[in-house]
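Notes follow the structure.
The values are calculated or read from the model by the stated rules, or taken from the named source; none is laboratory data. Note that the structure is a prediction, hence the values are computed from the model and not measured. We place every Cβ from the backbone using ideal geometry, glycine too, and count neighbours over all the protein chains shown. SASA here: full protein model, heavy atoms, side chains in, ligands and nucleic acids out. Shrake-Rupley method; radii C 1.70, N 1.55, O 1.52, S 1.80 Å.
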Amino acid sequence: MQVFKAFIKTAFKSFPSIMLYFIIFTSLALLMAYAYTDTTSSSFKSVELQIGIVDKDHSAASAALSEYLDSMHELISLENQKEVLLDRLFYRDVEYILVIPEGFEDNLLSGKDTNLFETVQIPGIYSSAFVDQQINSYLKTVKLYLSGGYSLEDALSHSTDTFLDTANNVQIVNFNEDTQHSASLVGIFSFYQFIPYVLASMILCGLTPILTTFWQKDLAKRISCSSTSLISRNLQLALGSVTYAFFNWGLFILTSRIFYGAEVFSEKGLLCILNSLMLLPLSVALSLIISSFSPSWNATNMINNILSLGMSFICGVFIPQSQLGENVLAVAKFLPFYWYIKNNDLISGSSDELFTYTAYWQNIGVQLLFIGALFAIALVASKMRLARQEA
Amino acid sequence: MSTPVIKIENLVKRYSDLVAIDHFNLEIKDGEIFGLLGPNGSGKTTTINCILSLLSFDKGTIEVFGKKMHPDSYDLKRQIGIVMQNVAVFDTLTVYENIDYFCGLYIKDKNLRKQYVEEAIAFVELDQFRKFYPKKLSGGLLRRLNIACGIAHKPKLIILDEPTVAVDPQSRNKILEGIVELNRQGATIIYTSHYMEEVEQICTRIAIMDSGKNIACGTADELKQMIKKSEKITIEISSISDEHMKNLLSLPHVYDVDYSNGQLNVSCSGGRHNLIHVLEYLQQQDLSFGRVYSELPTLNDVFLEVTGKELRD
């Protein structure tokens with residue numbers, strides 16, 4: 001086991017710098033995970049806007065509409081002067097102005113659909129659309145009652161009651177029961193969301209220089225002259241790489257156990273752990289490919305940053321996949337981190353998809369395909385290295 | 001007749017259009033210190049790489065201890081120690097750890113390995129540096145570490161590929177003494193170098209290589225006897241006429257006379273007392289002269305005569 005022992009000794013020499021990586025990035029990951037834990041929605045409060053109203057109709061219908069809006073927003077009665085209206089909007093005294101024109105009630109009774117009211121809005125404010133939608137819904141309901149033979153008074157009264165009931169009885173219903181998680185489980189999901197970058201960085205930065213050393217032309221030639229067989233040497237190198245990768249992975253499992261308790265080993269936690277296990281062969285394969293080109297320490301760091309940081313940004317490690325553009329996601333699908341994050345989202349319930357074991361194993365399968373492909377590339381790169389060294 | 005340690009027949013190695021080894025033949029006997037002498041690029045290292053199966057070759061056969069050498073001939077490799085031209089050690093391991101590592105590639109028994117490593121450290125006199133990392137060692141000490149890594153497992157055949165390149169004279173002498181000692185302890189040595197003095201100093205037999213060919217082989221004396229020149233006389237003299245030079249050329253055993261930069265060079269082939277004859281002539285002609293040197297032929301002269309170029313070209 002000489003090769004293995006030398007591998008471990010060499011790995012041990014880079015231990016301080018790797019630990020620095022671990023401490024800095026794990027602290028960041030924990031911090032981010034902590035921040036995410038507080039964002040779970042468990043209550044509802046509707047948005048309350050300041051709405052300016054100009055009632056030119058002074059009818060029962062306009063009064064009912066005002067009453068309805070007043071129940072949800074702060075209503076401010078305004079003079080019908082264009083300059084005043086624009087000033088109030090400009091200084092943000094109001095965020096939305098509703099102008100109820102003369103004949104509003106008549107138009108409503110006659111079943112007119114368009115131009116029932118006018119609005120003045122601040123451009124680009126989404127809450128304006130929200131008020132538009134509330135007014136339209138209300139008026140549609142009134143018209144529905146009217147068409148059903150109700151008197152205007154009854155139609156207005158029923159509509160107001162219906163909407164006030166709805167607004168006061170909002171309940172948050174999550175259709176995916178699996179997404180109701182404890183704080184520590186939410187922390188676990190967030191923690192495992194961030195580890196691809198750190199774990200890949202640690203493995204790439206630690207393993208690549210070791211493999212580069214063993215494959216350095218003169219040393220490789222010298223070792224080839226020995227009576228230890230090629231198979232034995234390669235097996236020992238493989239064992240060293242696996243041990244190194246598992247050691248790094250173990251550090252993360254241990255950290256998550258320390259910070260999130262036994263829940264790490266709950267069903268969801270174990271699914272996250274198993275998913276993160278895919279990062280090991282993936283990083284080892286990448287390391288094998290990089291080291292085949294015998295890069296310098298600086299080049300190794302540069303390649304590591306491009307790969308791990310680039311993949312992390314594109315695939316949703318730092319920014320949730322739901323907030324990434326379609327084009328970015330289309331590219332990300334060709335990268336293994338995408339499927340890791342997709343699976344993590346699936347387990348945590350933050351995915352559009354409902355959690356099923358089939359979907360989970362499919363994502364694991366895709367990651368395994370990537371791993372297989374990367375090992376095949378590593379094999380080709382290794383052959384190229386040998387050919388270069390013999391030339 | 002005992003089996004040769006190494007037998008190479010008709011070895012040919014090509015790199016595309018370049019013929020690196022050209023129908024090379026060689027036989028090395030047990031107990032020899034065999035020198036492979038040749039300028040840089042003459043094919044010495046390529047030959048060594050072929051012997052060790054580090055390189056495939058296009059034609060010919062190589063036998064080591066009577067068996068054909070293959071990349072997986074691990075029983076043969078067990079008996080070979082190699083000291084590469086470029087120092088091949090781990091920067092991340094100490095002197096002791098490096099020697100232990102390379103020794104461990106051959107010796108599985110822990111206790112025996114420990115003993116061998118200690119002996120190797122003592123042999124190359126690196127005891128006080130055992131905990132040093134290679135980057136802290138001077139060039140000479142690094143070369144000695146390289147040698148220790150190659151010989152720690154006590155091989156029967158030791159191949160040293162230019163082990164004294166870029167080494168100070170003190171370390172060079174230690175290395176050469178060490179090689180002779182290893183041979184005394186029973187190891188057959190193959191020593192490649194482009195330093196003819198070293199090869200002449202320690203090797204019992206020498207093969208001179210050029211352009212991948214074995215152009216001459218034998219002991220240093222045998223090689224020198226192969227050439228015409230047996231003595232070169234150099235005399236500092238302010239001027240000499242063509243007539244005197246003609247007269248000198250007619251002296252017995254003198255075959256070349258040449259004058260340049262105030263030095264008269266007289267080349268003799270065979271014969272004895274050539275120097276006395278030349279000096280007698282100069283005195284008789286009342287020609288005053290300064291310092292006088294007489295040199296026996298070197299391997300460089302052999303190389304020069306056989307190839308038409310200097311060994312150090």
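Out of the range B:84-97, which residues are at the interface with another protein chain (Cβ under 9 Å from one of its Cβ atoms) and either under 27 Å from the mean Cα position of the chain (by Cα) or within 23 Å of residue B:165 (Cβ to Cβ) (or both)? Within the range B:84-97, B:84, B:85, B:86, B:87, B:88, B:89, B:90, B:91, B:93 qualify.
Filter the range B:57-97 for residues that are hydroxyl-bearing (Ser, Thr, Tyr) and open to solvent by 40 Å² or more (accessible area, probe 1.4 Å); which is farthest from residue B:26 (Cα to Cα)? So, considering only residues that are hydroxyl-bearing (Ser, Thr, Tyr) and open to solvent by 40 Å² or more (accessible area, probe 1.4 Å), the one farthest from residue B:26 (Cα to Cα) is B:96. Only residues that are touching a strand residue (DSSP E or B) at 6+ places or on another chain (Cβ under 9 Å) and among the hydroxyl-bearing types (Ser, Thr, Tyr) were counted across the range B:77-126, and they come to 1. Checked against (1) more than 14 Å from chain A (Cβ to nearest Cβ); (2) touching a residue at least 24 places away in the same chain (Cβ under 8 Å), residue B:27 meets all criteria but (2).
One line per residue, one yes/no per condition, for (1) open to solvent by 40 Å² or more (accessible area, probe 1.4 Å); (2) modelled with pLDDT under 90; (3) out of contact with any Phe, Trp or Tyr (no Cβ under 9 Å at 6 or more places or on another chain):
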{"site": "B:210", "(1), (2), (3)": "no, yes, no"}
{"site": "B:239", "(1), (2), (3)": "yes, yes, no"}
{"site": "B:268", "(1), (2), (3)": "no, yes, no"}
{"site": "B:275", "(1), (2), (3)": "yes, yes, yes"}
{"site": "B:288", "(1), (2), (3)": "yes, yes, yes"}
{"site": "B:294", "(1), (2), (3)": "yes, yes, yes"}
{"site": "B:300", "(1), (2), (3)": "no, yes, yes"}
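Exactly one residue out of A:293, A:337 is under 23 Å from residue A:202 (Cβ atoms) and in a loop (DSSP other than H, G, I, E, B): that is A:293.
Scanning the range A:112-128 for residues that are open to solvent by 60 Å² or more (accessible area, probe 1.4 Å) and assigned to a helix (DSSP H, G or I) gives a single hit, A:126. Could you say whether any residue in the range A:373-385 is of a type in the set (Phe, Trp, Tyr), closer than 18 Å to residue A:311 by Cβ, away from chain B (no Cβ under 14 Å) and in a helix (DSSP H, G or I)? Scanning the range A:373-385 turns up at least one residue that is of a type in the set (Phe, Trp, Tyr), closer than 18 Å to residue A:311 by Cβ, away from chain B (no Cβ under 14 Å) and in a helix (DSSP H, G or I). Scan the range B:175-212 for residues that are outside any loop (DSSP other than H, G, I, E, B) and farther than 27 Å from residue B:79 by Cα and jot them down. B:196, B:197, B:210, listed by residue number.
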